[in-house]
Every structure is written in structure tokens, then in C-alpha cells.
Amino acid sequence: MGMKNELIRYRVQLADPAGHRYAIRLTIPQPDPAGQAISLPAWIPGSYLIRDFARQIETLHVRNARGRVAVHKTDNHTWQCAPSRSALTIDYTVYAWDLSVRGAHFDESHAFFNGCSVFLAVHGQESQPCLMELCAPRHASNWQVYTSMPSAVGQPDSAPLRSFGCYCAPSYDALIDHPVEIGTPQCISFEAHGATHDLVFTGVAPQLDLDRIATDARKICEAQIALFEPKTRQAPFLDSAERYVFLTTVLGEGYGGLEHRASTALMTARHDLPMRHCAVPEGYTRFLGLVSHEYFHTWNVKRIKPAAFAPYQLNQPNLTRLLWVFEGFTSYYDDLMLLRAGVINEPAYLKLLAATLDHVQRSGGRLKQSVADSSFDTWTRYYKQDENSPNALVSYYTKGALIALGLDLEIREQTAQRQSLDDVMRLLWVTYGRDFFQGQPNGVTEDALPNVIRQATGLDLARWIERYTETCDDLPLEPALARNGIRLAKEAENPRPSLDLRTQTDPAGLKIATVYEHGAAHQAGLSAGDLLLALDGLRIRTTADLEHLLDAHQAGDMVELHVFRRDELRQYQARLTPPPALKHVLTRQAHDSRKTS
């Protein structure tokens, strides 16, 4: 049988912008004669939570050459078609109103989707090549297409990223790993070590300084390519696509990203982006850090994967204790690459590193949960956080980043600066990542990292890794940084005494979001969800009100608090605690000319 007859075909119609519905037609040339099963993924790689994308499929009908074919659901994500010896055509509608980096969104201004949320998998034929046909919408003649998925053979060569028509993927896994944006975004392209990259911004962002963003993004991409391929300078995504695409949704407030093999979906606040003829906003570094983080994932997690992800099992959680490597190491390198690329200076980098230390130290959960456990439990705990999570969890992103820093410092010190964590990342790349999509998937086993480090550096750090990843011990970073010319100090953010709680604004006033364990609010009996009304008889409406009232007190003072718990008025006595000395400050020691690497 020829390849043409084996293609699994998906036709996407932008059917109902006002109702936010895609109309999808799936054609299966050779269905399982015993009855074809089809399903939608339960989760999307990179976001470790069961999302139940199938709940957004509103209608589904199956037919063959003889007419309608019976179909029924067998679980939350799967449909079973009746036996058919001829091709099946499956028409279904998808409701798309999830404005996030994970799902699908569609209205009169644009369309965006991840394949996980719209493309049904054909069981038993996941390795077959797929064809995606994008139909031009009737309501918008000026819309264009932006995706890293390659155009199908025979399509026009000019502007392949912007044409409606057919796109191809060698397998279902590849099909769902190229998100698609359709509309009229602002765009700019640049080359990094000869590889084309596109920046695509959807949303209202007048006077956006595209040239500034492209210049900085190019430096970041080149620095990362040079890290992993110091000799060839070859971009990793060329195994899957001709270009890399940053698909960014611009909002009034928002932040997030999701990595893919040759692109990323980003979400950012408008005020974090630079505008022409305006001062660069402070939040721009935050956006560049997001760009750096997701681009680093092109190597670390999209190709260098834990064995539990090779291949993904998209109908159930995929459990691994190594997310501190894949997310934590990436979180270490995202800011470090901003420094190496020259888009920030060393004091700015040290400030970012100090903020990571702040985040970890403020989490009481770091004393209860190891990063290995945090990785394993991400499906049920990290991605399902509640008001008590800061007391119970540690982030494998932030503490994982500190572990990467600790390993980097340890390797540099024990090898007299001859080697570093860079050497470990390059060996991971050569061993597991470089040929991942060309041959049999080869994932990093749960116990592989100490041996990789030994091969890359000659050092045995197995006990070090076990201690700081499998237990709740704090990392000895202060002396390690000092030996590298960096002074670590702690200071109070302000002299104000504390109630040891976190608040959030609410239409009714100021609500307690988290009560920190063993703190003043905990000892007084306050709880998350309580609505703060007054302190010592004076009304509280906002965070500023509360801070102003606390400024009149000293640590050790007793204060009277009135709150609503549900619809009940309650009164509590709290003894204020000293301001927490949790703000870290990192500075280059005087007379030390070494640079942070």
C-alpha cells in the first residue's frame, strides 16, 4: 500500500467564531475491521494534570461508504466505532473557549489550538503519518496561519507558515506537538546560527517594539544553541521543522508557557513588553526569562526526556521523580542564559537568583516534601494547589533550580573550574536527546543522573544528589557561593511586624489566602478564607489598610482582629511576630573579578 493511502487526515474548519466551535473531520482510510477505537488525550505534555479535553467534544458522528456507523464511549476519553471494512469519516465539533497555553480558543479575533485538545488519536495507527488541512474562515479573509508544522508536499513554497491548506506530521505524537495560531498577529523573524525563528504576538499591543524583542530573543537562542552544540551550532528543532515559532498571547494580566518540539505557546502581560519610544518595563526581564525557559525545553524535556515520558501515555498520569531535573535545571538555566546572552548584567542576574532563594525559603513545605516526591506527586499536589500548599509543598521548579546551582558550584569547585553542569547537559543531549526523534525513544531512567555526571566530570556525586533530592535538607549554598566570590545575606523586606499570612483581594474586602504554619495567624486561630474586617477596631478594606495598621505596632504586640468566616462574625487575638528575614541579597565580593558563569 502506498503512503498516500495510509495518511490519517484531519480537516479543521473555523465554523462558529461567535459560538467558539471548530468543526473537525477525521478520515481513517483503513480502520480496524474489528472496530476502530479513537480517543482524545487526557492531558497535554508539559502540564501535568488530567485535563479531560474530551469533555469539549459536543457532537461526534461516524459514517462509511454505506452510511452511518454506530459509535459509543468506553471511557472518559475514548469512543469505539462499530466494525467497518471501508474508510471511516468522523465529524465532530470542539468547543474552544480556553484562553490558555494548553487548550483551544476561538472567536472573531483569532483562533488557537493545541493538537491535544482537537485531534482524536486513531488507536493502533498512532505511528502513521498525518495530514492536517486548515480551511480558510468565511468571516475573515485576511487571516493567516502560524505554526511550526511543516507544509505538506505540493503546497506553495512561498510563505508556508502563513498559508491555509495542508500540513504534515510523521505521526500522531508529532501532529499534537505543533500548536497553531490563526489570525492577524504582529510578527517578526530572526535567524539564530542560521536557523529561522518567528515571534508571533496575538492580542492588542500598540507600538510593540518587535525589533528590540527579536534582538534579545536571538541572543538568547544563540547562547543556548552554543551551549548544547558548541561545534556545529545546529538548532535542535531542525529534526522536526524548518523553523521555530514563539506563539505569544498578549493580555492585560497573564504569564505562562508550554513547550513543544519546534515551538512554544506563551502568555504574557502587555505591560511586560517593550513599546517603541518608551522606557523598557521592569517586567521585560520576566518575559525574556519565559522565552529562555521554554526554548531551553527544546532540548531538556522535549528530547532529553525521563524514561516515563518515552513515549507519553496520554490516557493516564506518567509518573517520574525527575521533574527537578527537567523543570528545575531548566529554571536554573533560563535566567543564567539571559546573563550569558548579555541581555541582563550580573547584578540583575544575582537579583533573579536571590528571588529564587526567597521563594524556596518562604515555603514551609520544603521541610516536609523532597523535590523527588514533589516531582512524583505533581499530578495530585503541585498542579492541584490549595490554600495550604505553601505549608505542605516544595516546588521542583525553584528548589530544582537551586539543586542545579549547587551541582554546578560543586562540579566547578571539585574540578578547579575545568568542568561544570554544562558538561553534564551536553552529555545528556548527546546520549538521550540529539537523535530522539530519529530512532527508538531513549529516556533518562530514574537513577541515571549520577552515572551521567560521573561520565561527564569524573566526579561521584551520588550521595550529594540523594541527600538534596530525596530528603528535605536545605542546600549549603552560602559557603559554596562565597567560595565563588558571591556574598549571600538575608534581610527583612521591611520593619513591619507580621501576622504571617498571605491575603488576596475580594469583592467583599481582604481575604486570607494562606495562613503560614506556626505563625501569628495560625496561633491565633485564623484560617484561609476568612474575610478580614478590622484590626483593633479599625476597618480593613485593602492590603494597604492592613499594612498601615501594622506599621503602628511592634513585634510582640497583641492585636484584636475581627473577621467573617462564612457569614459568621468572629473575633481573635493575635501576637505579632518580627518581620521575617527572608529577603536574600547576592552581591559580588569586593576585589573579586570572577564572573558568574
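Each value in this text was obtained by applying a stated rule to the coordinates, not by laboratory testing. Small disclaimer: the values here were computed from a predicted structure and weren't measured. Counting neighbours? That spans all protein chains shown, and the Cβs are built from the backbone with ideal geometry, glycine included.
Span-like helix check, the chain: qualifying full DSSP H segments, with Cα axial length of 20 Å or more and mean Kyte-Doolittle of -1.0 or more, are 210-228, 346-361, 398-414.
Note on T431/R502: beta-carbon distance plugged into 1/(1 + (r/R0)^6) with R0 of 41 Å gives a FRET efficiency of 0.45. Working ranking of peptides 450-456, 326-332 by packing, defined as the average number of other Cβ atoms within 10 Å per residue, highest first, is 326-332, 450-456. 3J(HN,Hα) couplings calculated from phi for segment 481-494 with the Karplus curve 6.51 cos²θ - 1.76 cosθ + 1.60 (θ = phi - 60°) are, in sequence order, 5, 4, 5, 10, x, 10, 8, 10, 10, 10, 8, 6, 5, 7 Hz; Gly and Pro show x. Evaluating kT/(6 pi eta Rh) at 4 °C and 1.567 mPa s, with the Kirkwood radius of the chain over Cα pairs in the Stokes-Einstein relation, gives 49 µm² s⁻¹. Fewest-first ordering of S240, S47, S117, S109 by other beta carbons within 10 Å of each residue's beta carbon gives S109, S47, S240, S117.
Treating each Cα of segment 3-184 as an identical point scatterer and ignoring solvent, apply the Debye formula and state log10 I(q)/I(0) at q = 0.20 Å⁻¹. Cα-only, vacuum Debye calculation for segment 3-184: -1.49. When each of C135, C116 is scored by the number of other beta-carbon atoms lying within 10 Å, the sequence from fewest to most is C135, C116.
Backbone geometry of segment 256-270 corresponds, through the Karplus equation with coefficients 6.51, -1.76 and 1.60 at θ = phi - 60°, to 3J(HN,Hα) couplings of x, x, 9, 7, 9, 5, 9, 6, 8, 9, 10, 9, 9, 7, 4 Hz, x marking Gly and Pro. So what J values fall out for segment 565-577 if you push phi through Karplus, 6.51 cos²θ - 1.76 cosθ + 1.60 with θ = phi - 60°, rounded to Hz, Gly and Pro as x? Taking θ as phi minus 60°, the curve returns 10, 6, 10, 10, 7, 10, 10, 9, 10, 10, 9, 5, 9 Hz for segment 565-577.
Here the chain carries DSSP beta bridges of which approximately 80% are antiparallel, counting only pairs with both residues inside. Compactness of segment 65-130 is given as radius of gyration and Dmax, 14.8, 42 Å, from Cα positions.
Let me check against my output: what whole-number percent is the relative contact order of segment 501-575, with C-alpha pairs under 8 Å and at least 6 apart? Relative contact order, segment 501-575: 28 percent. Near S498, the amide H atoms lying under 5 Å from its own belong to T577; only residues 5 or more places off or on other chains count, and H is placed 1.01 Å from N. Each peptide among 169-176, 416-423 gets the average number of other Cβ atoms lying within 10 Å of its residues, and from highest to lowest they stand as 169-176, 416-423.
Principal axis analysis of the Cα atoms in segment 501-575 yields extents of 30, 24, 19 Å, listed in decreasing size. In this structure, the amide hydrogen of A87, modeled 1.01 Å from its nitrogen in the peptide plane, lies closer than 5 angstrom to those of A65, counting only residues at least 5 positions away or on a different chain.
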